[in-house]
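See below for the structure under consideration.
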Amino acid sequence: MTDKTRVGLIFGGNSSEYEVSIVSGHNIYNAIDKEKYDVYPIWLTKDNYFASLEDSKKVWDDPTYTIKNPHKLANVSNFEQLANLPEMDVYFPIVHGNIGEDGVIQGFFRMLDKPFVGDDVLAAAVTMDKEFTKILAQRAGVPVADWVAIKRLEYNDKNNSKLDYKYVSEKLGTDLFVKPSNQGSSVGITHVKSESDYLPALAEAFKYDDKVLVEEAITGTEVETAVLGNDDIIVSGVGQIINAKGSFYSYKNKYDDSSTTTLQIPADLPAEIVEKVRSNAEKIYRATECSGMARIDSMLRTSDHEVIFNELNALPGFTNISMYPKLFEEAGIKYTDLISRLIELAVERHNHKKTLLHKPE
C-alpha cells in the first residue's frame with residue numbers, strides 16, 4: 001500500500017494544440033514530486049479515446065504514434081480504460097484547446113466527483129470564448145481592443161456588411177487581426193493589413209470556429225502575467241514578448257525551434273506599468289471566476305502606454321519554453337513546487353464544494 005496521492009495526468013485530445021499538450025504532459029510527469037504522488041499518464045487520443053498506461057507512455061517517445069479504439073461501442077468504450085487504473089485521487093488535465101479548456105472535461109470530472117486541476121466548468125467555458133472574456137474584462141474596468149464578432153450565419157450571408165473590409169475598417173481601423181473566438185495558441189489567426197487579406201483571413205478562422213472576431217490591431221509590445229490560486233491568489237511578475245519586426249506571436253513563434261520571438265522575464269518596464277499589468281490580471285481573474293491558474297495576455301500600446309487586455313489562457317502550456325512556469329520560477333516557485341500547489345488547490349476547491357448544499361435541509 002502507498003499513502004501517495006494518485007494523480008491521473010491527462011494529455012492529448014482532439015485539438016490543434018495536440019502536440020503541445022503531449023509535450024506539456026511529459027514535462028509535468030518528469031517534474032512532479034514522485035515522493036508525494038503516484039502519477040498515471042492517461043493519453044487522450046485524437047479520437048478522444050483514453051489509451052492504456054503502456055500506450056500513454058509510448059506517445060511521449062514518439063508523438064506520431066497512433067492507436068485505434070478496439071471496441072465497437074466507441075461512445076461507451078472511450079472511457080473504459082479508466083476502469084483498468086487504480087482509483088484516482090485527483091486529475092491533472094493538460095489537454096489544450098477544445099474538450100480540455102472549454103468546460104467539457106471539467107464537467108466529466110464533476111460527474112466523477114473527483115478533484116481536478118484548473119478552472120471549474122463555468123470559468124473554463126467562459127474563458128475559452130475570447131468575446132465573452134473581453135466582455136467580462138470590460139465589465140471589470142479593463143481596457144480591451146475594439147472588435148466586431150461575426151457568427152457563422154452572418155458569414156454565410158454574402159450580403160452581410162461585416163464581410164466588407166471597408167465597413168469593419170471604418171469601425172476598427174485598417175490594421176486588423178482576424179481570429180477564431182474559441183481557439184488557443186494563435187491558431188487560425190491572420191494579421192490583416194489590406195482588403196485583399198480580409199476574406200481569406202475570415203475563411204481561415206472559420207475553419208476552426210463558428211464565431212470569428214475581427215479586432216483592431218494594437219501597436220505595441222506583448223506582456224503576460226500568471227495567476228495561481230483559488231480565492232487567495234498570487235500574481236506573478238510580468239514577462240515581455242519581443243517579436244521580430246513584422247511578425248506576431250503566432251503558433252510557430254510559440255512552439256517552433258525556428259521561432260523569431262524572444263521571451264524577456266522579467267519584463268524591462270517601468271514599475272507603474274508592471275503594477276498595472278498585474279492589477280488588470282487580478283481583475284480579470286476575479287471577473288471570470290477562474291481558479292487554480294491562468295495566464296493573462298495583454299498589449300502595452302506604444303502611443304499612450306495603456307495596457308490593453310488581449311486574452312486569458314486558463315490552461316497555459318507547460319513546455320520548456322512556456323511563459324507560465326517561467327514566470328513563477330522567476331517569482332521563486334520552482335516547477336515541481338508549482339505542480340504540487342496546483343494539485344493542492346484542486347483538492348482544496350473540491351473539498352469546499354462538498355460542503356455546499358444542493359437541496360434544502
Checking the structure you have, find out if any residue of region 143-160 is farther than 24 Å from VAL192 by Cα and touching a strand residue (DSSP E or B) at 6+ places or on another chain (Cβ under 7 Å).
no
Of all residues in region 35-50, count the ones that are open to solvent by 40 Å² or more (accessible area, probe 1.4 Å) and farther than 24 Å from GLU344 by Cα.
3
Against the conditions (1) open to solvent by less than 50 Å² (accessible area, probe 1.4 Å); (2) within 28 Å of ASP3 (Cβ to Cβ); (3) at pLDDT 90 or above; (4) touching a Phe, Trp or Tyr at 6+ places or on another chain (Cβ under 7 Å), where does LEU53 fall short? Just the number, please.
(1)
Filter region 12-34 down to residues that are surrounded by fewer than 16 Cβ atoms within 10 Å (Cβ to Cβ) and in contact (Cβ under 8 Å) with a residue 12 or more places away in the chain, then give me how many there are.
2
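Does region 319-334 hold any residues that are assigned to a helix (DSSP H, G or I) and either among the hydroxyl-bearing types (Ser, Thr, Tyr) or out of contact with any Lys or Arg (no Cβ under 7 Å at 6 or more places or on another chain) (or both), and which are they?
TYR324, PRO325, LYS326, LEU327, PHE328, GLU329, GLU330
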Scanning region 282-314 for residues that are of a type in the set (Val, Ile, Thr) and not in a strand (DSSP E or B), which turns out farthest from ALA346 (Cα to Cα)?
THR302
Considering region 276-289 alone, what residues qualify as being in contact with a strand residue (DSSP E or B) (Cβ under 7 Å, 6 or more places away or on another chain) and in contact (Cβ under 8 Å) with a residue 60 or more places away in the chain?
ASN280, ILE284, THR288
Looking at region 140-161, is at least one residue crowded, with 22+ Cβ neighbours inside 10 Å, small (Gly, Ala, Ser) and in contact (Cβ under 8 Å) with a residue 24 or more places away in the chain?
no
Output the number of residues of region 341-361 satisfying the condition of being of a type in the set (Asp, Glu) and not in a helix (DSSP H, G or I).
1
Of the residues in region 301-321, how many are open to solvent by less than 20 Å² (accessible area, probe 1.4 Å) and over 24 Å from VAL126 (Cα atoms)?
1
Give the residue, chosen from GLU216, GLU282, GLU224, GLU289, that is at pLDDT 95 or above and at positive phi.
GLU289
Given the criteria under 22 Å from the mean Cα position of the chain (by Cα), surrounded by fewer than 19 Cβ atoms within 10 Å (Cβ to Cβ), at pLDDT 95 or above and of a type outside the set (S, T, N, Q), does ASP197 qualify?
no
Matching residues, region 317-332, being of a type outside the set (Phe, Trp, Tyr) and closer than 22 Å to ASP268 by Cβ:
ILE321, SER322, MET323, PRO325, LYS326, LEU327, GLU329, GLU330, ALA331, GLY332
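The values are calculated or read from the model by the stated rules, or taken from the named source; none is laboratory data. Every value quoted in this text rests on a predicted model; they were computed, and no experiment measured them. Every residue, glycine as well, gets a Cβ built from its backbone with ideal geometry; the counts of neighbours run over all protein chains shown. Side chains included, ligands, DNA and RNA excluded: accessible areas come from the protein's heavy atoms. Shrake-Rupley method; radii C 1.70, N 1.55, O 1.52, S 1.80 Å.
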